[in-house]
Every structure is written in C-alpha cells, then in structure tokens.
1. Name the one entry in Ser109, Ser126, Ser114 that is modelled with pLDDT under 75, not charged (D, E, K, R) and not assigned by TED's automatic domain parsing to the domain that holds Glu259.
2. What number of residues within the range 123-144 satisfy the criterion of being in contact (Cβ under 8 Å) with a residue 60 or more places away in the chain and either under 13 Å from Thr221 (Cα atoms) or part of a loop (DSSP other than H, G, I, E, B) (or both)?
3. Give the range 317-337 a look and list any residue that's surrounded by fewer than 24 Cβ atoms within 10 Å (Cβ to Cβ) and either at pLDDT below 95 or among the aliphatic types (A, V, I, L, M) (or both), or say none.
4. Need the failing condition index for Val134 against (1) modelled with pLDDT of 70 or more; (2) touching a Pro at 6+ places or on another chain (Cβ under 9 Å); (3) of a type outside the set (Gly, Ala, Ser), just the number.
5. For the range 194-276, which fully contained strands (runs of 3 or more DSSP E) count at least 2 residues that are small (Gly, Ala, Ser), at pLDDT 95 or above and in the same structural domain as Val325 (by TED's automatic domain parsing)?
6. Out of Pro280, Pro287, which single residue is outside the structural domain of Asp135 (by TED's automatic domain parsing), part of a loop (DSSP other than H, G, I, E, B) and within 29 Å of Gly401 (Cβ to Cβ)?
7. Residues to consider are Ser219, Ser209; find the one that is in contact with a strand residue (DSSP E or B) (Cβ under 6 Å, 6 or more places away or on another chain) and either touching a residue at least 40 places away in the same chain (Cβ under 8 Å) or surrounded by fewer than 20 Cβ atoms within 10 Å (Cβ to Cβ) (or both).
Amino acid sequence: MIASSTAPAPRDGARADCVRVMVVDDSVVIRGLLSRWVEADPALQLVASHRNGRLAVEDIERSNPDVVVLDIEMPEMDGLTALPLMLRKKRDLIVVMASTLTRRNAEISLRALSLGAQDYVPKPESSSEVTTSVDFRRELIEKVKALGQRRRASGGFGGRQMRAQTTAGQTVSQGPVSRAATASAGYSRLAAAPAQAAPPALKTRPYSSVRPRIVAIGSSTGGPQALQQVFTDIGTAIREVPVVVTQHMPPTFTAILAEHVAKAALRPAKEAADGEILMPGHIYVAPGGLHMTVVKDGGQPVARLTDGAPVNFCKPAVDPLFDSVAKVYGSAVLAVVLTGMGHDGAAGIRTIAAGGGSVIAQDEATSVVWGMPGAAAQTGLCCDILPITRIGPKIAGLLSGGLR
C-alpha cells in the first residue's frame, strides 16, 4: 500500500525558526510539486503532505505545522470540512486555501475565509499549467512565508501595539482590538497573543478640511474579511458618495466579493464596468485581471478599466486607482489602505496627500499582513492608523462632516 502522507526529516541546515508547512492535495503530481517548492525555500520546512482532509486533521498535532496549504476538492474529506477541524486542534494555525478559478471554488474560498482561513491562492486549471506557472509559485511561496513568519514572530496573530505621532506631537496608542469586539467578522484570532513592545512612533498629518466626495479602498491578503468589517460598520453613511475598491483578486473572485460587500454594506455593489458613471451610494470593485481608474467624462466621474501591465506584481493594483482619484477629486478624496502583502498603494497615497486628500491605514495588530498598510504608515502621510473596528465608524464620521 502506498503511503498517503509524508513527514520529512528536517533537511540539512534547517533552522529552528523555519516556517513549518503541511501540503494537502489529492493530486499526487500537484502535492509533490508544491512540496518540492516548499523544500526549495530555505525559510520553509515541509513537515507533512496528505492526499485528503481526514489524514491532515489526524496529523495536525503530530506534525505541528505553522501553515497548511489546503486544497478544496478532495475525496473522503474536502478542504472546507477539514478547515474547522484543523483550527479546533490548533487555533493559531494558518490555513491558505488553494483552488481553481471556478465560481463554485471562488465561493468556497471566500466562505473558508469567514471560517478562519487566512488567505487563498488560485491554482491554474491543469497540472501542466501548475508546473509551468511562475506566478502561481511566487504567490504561493510569498504568502506562506509572510503569513508563517508573522505567526512565528508574534507567537500567533496579535501583533505589536502601534503608536501614531500626531502633528501636534501627541502620542496615540492603538493596541490590539478585543476578541469579543471582532469575532463576528472573523478577527477573533487576531488578538490571540499578548502585545509586545511598541515600535517607534509614526507620524500622521491632519485630515482634509473638505468633506470627502469619494472613498477609495485598497486591500490584499486578509482584505475580504477586513472589507466585510468596514462595510458593516459604515452603515448608510456612504449613501452620498461612491466607493471604489481594489482588492488583489483574480477574475471570478472579484464578482463574488462584490456580492459579499453588498450584503455587508446593504448598498449596491458590483464589479465596475468600463465607462460607467460612478453613482453616490454605490460600491465598485475592480474586476480581477484589469486595472481600475477614475476619470472625468463629460463632467461626470466614470470608471475606466485597462488591461495594462501589472503594477507591483498586481492586476488590479491600488496605485493606479489612488493616483486617478487624486487627479479627479483632489482634497475631497478619502483613501483607506487595509491589510495586505507588499507596498501597493504607498506611491498612490503620496499623490493623494499632495492633492490635499486624506488617508487612513489599518494598524498592525489587526492586519493579517502589515505590508501595504505598513508601507502607507511609514510614509508619514496618513491621517490615522487605526484598528479595523474603528475604520468604518471613522469613515462614517468623516462623511457626515465630523470626527476630524
């Protein structure tokens, strides 16, 4: 009988601080390929691989992985069934869902995020495409490393307390939000670890004195959960302004994300169409595989979709959106940078700040990965660095003309 799982011995030179990875996929070809990619990275250590969710659940405590790459469709026990069982055995486990780009799998992946998965990676359709896809390999390994290293550094999700230096010289403490306050949006595990020593203070700048006429949001890893929280908290405050969102996502996923956002916001939300007029109270999500910008056409703000080269390895990317809204709306822009890997959006907020607009960044404690919001915060051009539960209410207050 062929063994259905492996538990490799530590390779020569493997460090104790390597991220421990389990791969779960019913395809022996893909399972072997992903395992070799993990083993090839000196920051990662493959501790197990399994062909279905049942075997993975049974092995969680023995193998003790930091990160599990989990397929969705598998015999005996699929990924969505296995996910909560894994998290029950190890509540600070990082799970990255891997699925092909079908609508069903996209819906399951987003459902998995609400059940505790930290992220997803879209797989190419065939084994041969997986083998040759440089982008898939890069995205998978980058996410596994970023999520796993943050978990090991913080002893679980919790992060460090953040302090923002106001222009008046006052230090504002922004520590982790409570588990009770965030459980409904899937953030119950973000405050699992005790706060560590605070890093150096970050500078902020005053909000624009002009009431926002558009809200532009950029997000990536952890973004679907963060967007759900923000739009739930904003309530009806966006009824007088359009909202444009760039979330790093592939095609199919963005259409389903828009449906989820509509339910959270109780406002119309959809993938943007090229040339459509941006209407107050409506939410427009950049379609996967296309950049979204805002331009003036006949005196009206319209969405413009382009199939240009990736920006910051992303398409859609946040920087083109932020640059464009700054040009159209000037000091009436309110931009928000939520959790995500990399630094997309940091260049765009320089354009927004130069035009007099306002920027809010999510804090480190409640970010799944403090890459994008961290890069934004480091510019010193943000007006606030806030935990996720305070961002929606802050936006609502600014749109009503108060809370500056």
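The values are calculated or read from the model by the stated rules, or taken from the named source; none is laboratory data. None of the values given here were measured: they were computed from a predicted structure. Glycine gets a Cβ as well: all are built from the backbone with ideal geometry, and neighbour counts include every protein chain shown.
1. Ser126
2. The total comes to 4.
3. Listed by number, the residues that qualify are Val328, Ala332.
4. That leaves (2) as the condition not met.
5. The qualifying strands (runs of 3 or more DSSP E) are 214-219.
6. Details: Pro287 fails: within 29 Å of Gly401 (Cβ to Cβ).
On inspection, the qualifying residue turns out to be Pro280.
7. Ser219
Each row is one residue, and each column tells you yes or no for (1) under 25 Å from the mean Cα position of the chain (by Cα); (2) more than 19 Å from Ala146 (Cβ to Cβ); (3) modelled with pLDDT under 95; (4) in a loop (DSSP other than H, G, I, E, B).
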| position | (1), (2), (3), (4) |
| --- | --- |
| Ala3 | no, yes, yes, yes |
| Gly13 | no, yes, yes, yes |
| Arg36 | no, yes, no, no |
| Val47 | no, no, no, no |
| Val95 | yes, no, no, no |
